[in-house]
Every structure is written in structure tokens, then in C-alpha cells.
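Working notes, structure below.
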Amino acid sequence: MQGIHNIEDLRLRARGVLPRGLFEFVDRGTEDEQAIPRIQQALEQIALRPRVLVDVSACSTQRTFFGKPSRLPFAVAPTGAAGLLWVDGEVAVARAAAKAGVPFTLSTASIVSMERVAAEAGGRLWFQLYMWPDRSMSYELVDRARASGYEALMVTVDTAVTPNREYNLRNGFSLPLKITSQNALDVALHPGWFFNVFARYLLRSGVPRFENYPEKLRRSLADAPAGRRMPKNDSLTWDDLRELRKRWDGPLILKGILTPEDADMARRCGADAVVVSNHGGRNLDASIPPIEVLPQVVDRVGRNMEVYVDSGFRRGGDIVKALALGARGVLVGRAPLWGVAAAGEAGAARALQILTEETTRVLGLLGCPDVDRLSSEFLRVAGTPVPAAAPAPAPLASHGAPSRSLLQESS
Ligand SMILES: Cc1cc2nc3c(=O)[nH]c(=O)nc-3n(C[C@H](O)[C@H](O)[C@H](O)COP(=O)(O)O)c2cc1C
């Protein structure tokens, strides 16, 4: 991890080792790719208002997720690709998360099965669910997640139909995997990935599979056509959430909402938490940046449920901004993925370490000794007046309760 000082360094390292098709699948957005820069601009629009002469010699980053303490205010988001970036990549990221004290969310579309991740990584595990038109297949996964000891079920709802990722049509990356002269050349130019990852799978057990899929759908990633084997979410409704609530007695998280109205519906259907997310800018290109919606969602449901946010978090300072706007925690997707692509478990661990160090440093420079004391008094959103002065140190704010002044300004 020499020379890796921030998440962008990890990204560039990942770019060097991965075939272009795979790197772009992780890195890029959708259609005209407006969502990703818009997410970054929205985060940049928020400035921090530091207080001074506050004892920050022992800053606390501890947060409570679903009633249990978590050492850090972030968690690993579900990403289907880790096992393609590194052999058993999901286990590598989950182990790094467990060691860092960070919850890890396993995707339905992972290469390693949920049972193996639970057995080999430990730590705090959440399971992300995509649904099949035949709901019984999804309920099978819910039962397996419970039997394997997963703490929370996260249902992703922002992918009702397949997003339009045109660069993948151009760079030759597709699922099912197809060998073309273009991607064969791409792989040939990245022999490290081929020998360290793909060839190792081939020698061990053949072309990888989505191991969480129900047995009858579990075929190699190269098997065509994907057709009905892929989860399909276009017929999902709120009734499905109500049904999942009946079947899952642990924390139920709805991921991928961008309006306070949907957050409220989630609450009424029995969800314990929402993730305000636009899928890292990978799905609906013109979607509103999650950080812009966050205060409204917190205002609407923050007293009754936990509100998480993701998309575009690359710096500890960005995490601090989200917490100050009332998020219970932040999910990070690409940061640990770039880490695992660069150096397996050590790379994922480095990503989490960077975010931890940056978060702690920003708290110190901000004059805030405890993440639980973050509030919108520490923020100024561009175009809005500076919030009224707060005494230093700021009073202990309850989770998820940004000050009214900022909420009104930014709503
Ligand atoms: C390569 C990749 C695969 C993803 N796969 C899933 C998935 O299987 N399920 C899901 O709910 N979200 C998935 N996501 C979205 C992430 O959970 C998360 O919302 C997003 O990555 C957050 O943005 P960030 O990458 O900028 O941190 C994926 C994201 C990436 C980059």
C-alpha cells in the first residue's frame, strides 16, 4: 500500500490492474454520466464551520446502528463485483470490515455465497436482497440469510429496470461474460488480473457463479442467456416490503429512496431504516444527489427510523457532512472495491483506514469531539445563510436531528 494516501490513489491503482471493461463497470455511471459529478458538486456545496479551543484529544467516532454500538459511522455498501476484482473478493472486503469494526453488506449478486462469507469473515453482516419475479426464490435467500446469522436485511429498490450503461456496450464487459476480440485484448493487457483472479477461479472451480442465487439458477457467469436467471425488480411494490417485514424479524432496511414521501411509506410498511441513495450515480442519470434529499428525509422520518446515505463518499469530511445533516451512518461502495482490486483484503482495509483517519482528523479540525455532537450548526450550505451561532462545544444532538434552521433553508 506504498504511496496510497487517499481513496483516489486506490482508484488509480485499481485502474492499473483491472481490465478496462471491469474497471469502468465499477467506476462509471450511466448514460451521459451527469449523476456522478452532480453528487460531487452537492457535497462540495456544503462547507464546514469549525469551532476552536475544544478538547479534541480523544475524538469518538462511535455510532449506534440498530441498537448496537459500531466503532465507526460508516458501513460497506452492497456491491456485486468484489469477487470479480479479487479471488473471493467478498470475503476479503468482509474480513477487512470486520477487523475495522464496520458492518459489511453482502450483495445478492456476489460471487462468494453468504454462508461462506459468514463462516470465513465474521463481523457484523447485513444481506442485500434483489427479488425475482417468482418471489419464493427471494424468500429462500431471506431464510438462508437468517440461518447464516445475518443481522439485517437490506432491500434495494432503485433498480426496477436495467440501467443503460453504454460504456459497457463499448468496452465489451457484459453479464453473462462473453469473449470478444476486444475484451480478450483488454484482458491480455492486464495479465496480473487474469493470472491472479480469473485463472485461479478457472483452476479451482471454473468460471465463477453468483453463489447466492437459488440452486436451480446458479450457473457460470459465462452462461447465456441471463434471461430469467437474473433478478428482476420491475414488478416490486410496497406490498412486497410488507411481506418481507413479516418474514424478517431483524432490522429491515430499504435502500435506494430519494424522496421523503418514499421514506415515509417505508416507515409505514415496517422498515427500520432507509438508505438515501442513487446507487452511486449508476442507475438514473438525472437523479437528485442523495445528500440534497437527506435533510428532508431526516426531517420526515428521522425520529422513527434510522436514515443512512450513500453515493460519492470519498473523504472523511464528506462523511462528517452527512452525519451533521442527520444521517445515522454512511455507506461506502466503490472505495473498498477499489481497495480490494488493488490489493485484496489489505487494500480494502486501507480504504477503510483512510476514511477512518480522515473522519477523525476532520472532527478534530472542526472542534467536534464526538460524532454524536455533529449537527447542522457545523455546516453552511452554499446559497443559504450561515446558521445561528451555537455555543462551543455543541450540545449533544440526538441522532438524526439536524437543526430546523438548516432543514428549512435546504428543503
Ligand atoms: C460495481 C458496483 C456494484 C454494485 N452492486 C450493487 C448491488 O449488487 N446491490 C445494491 O444494492 N447496490 C449495488 N451497488 C450500489 C452500492 O451499493 C452503493 O449504492 C453505491 O456504490 C454507493 O456509491 P459509491 O460507490 O460512490 O460509494 C453497486 C455499486 C457498484 C459501484
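Rule-based calculations on the coordinates, nothing more; no lab input. Here the structure is a predicted model, which is why all the values come from computation and not from measurement. With ideal geometry, Cβ positions are generated from the backbone for all residues, glycine too; neighbour counts draw on all protein chains shown.
Here the gap between Val52 and Glu151, fully extended at 0.36 nm per residue and compared with their Cα-Cα distance, gives a gain of 31.7 nm. In a fully extended conformation the segment linking Gln62 and Asn304 would gain 85.1 nm over its present Cα-Cα distance, using 0.36 nm per residue.
Could I get the Rg over Rh figure for segment 277-369? Both from C-alpha atoms, Rh via Kirkwood, rounded to two places. It would help to have the intermediate numbers written out before the result.
Values: Rg = 14.3 Å, Rh = 14.1 Å.
When Rh is taken as the Kirkwood radius, the ratio is 1.01.
Rg/Rh for segment 41-135 to two decimals, with Rh computed the Kirkwood way over all alpha-carbon pairs. Provide the component values of the computation, followed by the final result.
Details: Rg = 17.3 Å, Rh = 15.6 Å.
Taking Rh as the inverse mean 1/r over Cα pairs, Rg/Rh reads 1.11.
Dividing the mean sequence gap of close Cα pairs (under 8 Å, 6+ apart) by how many residues the chain holds gives a relative contact order of 25 percent.
Return the percentage of antiparallel bridges among DSSP beta bridges fully within the chain, rounded to the nearest 5 %. Mind dumping the intermediate values first?
Numbers: 7 of 34 bridges.
If we restrict to bridges inside the chain, about 20 percent are antiparallel.
Once Rh is set to the Kirkwood radius over Cα pairs, what Stokes-Einstein translational diffusion coefficient, in µm²/s, holds for segment 73-209 at a temperature of 37 °C and a viscosity of 0.692 mPa s? For these conditions, the coefficient is 200 µm²/s.
Evaluated at q = 0.08, 0.09, 0.11, 0.13 Å⁻¹, a Debye calculation over the C-alpha positions of the chain (equal weights, vacuum) places log10 I(q)/I(0) at -0.41, -0.52, -0.78, -1.10. Projecting the Cα atoms of Pro69, Val117, Asn233 onto the charge dipole of the chain (Cβ charges, centred on the Cα centre) puts Val117 farthest toward the positive pole. Considering only Ile288, Ile257, Ile179, the Gaussian network model of the chain with Cα springs below 10 Å gives its largest mean-square fluctuation to Ile179. Specify the inter-centroid distance of segment 203-273 and segment 280-359, based on alpha-carbon positions, in whole Å. Here the two parts' Cα centres lie 21 Å apart. Of the residues Leu141, Ala346, Ile4, the one whose Cα sits farthest towards the positive end of the charge dipole of the chain is Ala346 (charges of +1 on Lys and Arg Cβ, -1 on Asp and Glu Cβ, taken about the Cα centre).
Counting every other Cβ atom within 10 Å of each residue's Cβ, Trp126, Trp238, Trp132 order from fewest to most as Trp238, Trp132, Trp126.
This ranking places Phe195, Phe210, Phe378 by how few other beta-carbon atoms lie within 10 Å of each, fewest first, which gives Phe195, Phe210, Phe378.
The smallest convex shape that holds all Cα atoms of segment 1-76, its convex hull, gives 196 Å³ per residue. Can you return the aspartates and glutamates within cross-link range of Lys68? Criterion is Cα-Cα under 15 Å, with same-chain partners fewer than 8 residues away left out. Lys68 reaches Glu151, Asp272, Glu306, Asp372.
Let me spell out the model: positive unit charges on the Cβ of Lys and Arg, negative unit charges on the Cβ of Asp and Glu, origin at the Cα centre of segment 259-365. What dipole size does that give, in debye rounded to 20? The partial results should precede the final answer.
On the way: 12 positive and 13 negative charges, 39 e Å.
It works out to roughly 180 debye.
Counting only residues at least eight positions apart within a chain, or on another chain, the lysines with an alpha carbon under 20 Å from that of Lys246 are Lys255. Largest GNM mean-square fluctuation among Asp272, Asp88, Asp223, using the chain with Cα springs under 10 Å: Asp223. In a Gaussian network model over the chain where Cα atoms closer than 10 Å are linked, find which of Gln128, Gln296, Gln40 has the largest mean-square fluctuation. Most flexible of the set in this elastic network: Gln40.
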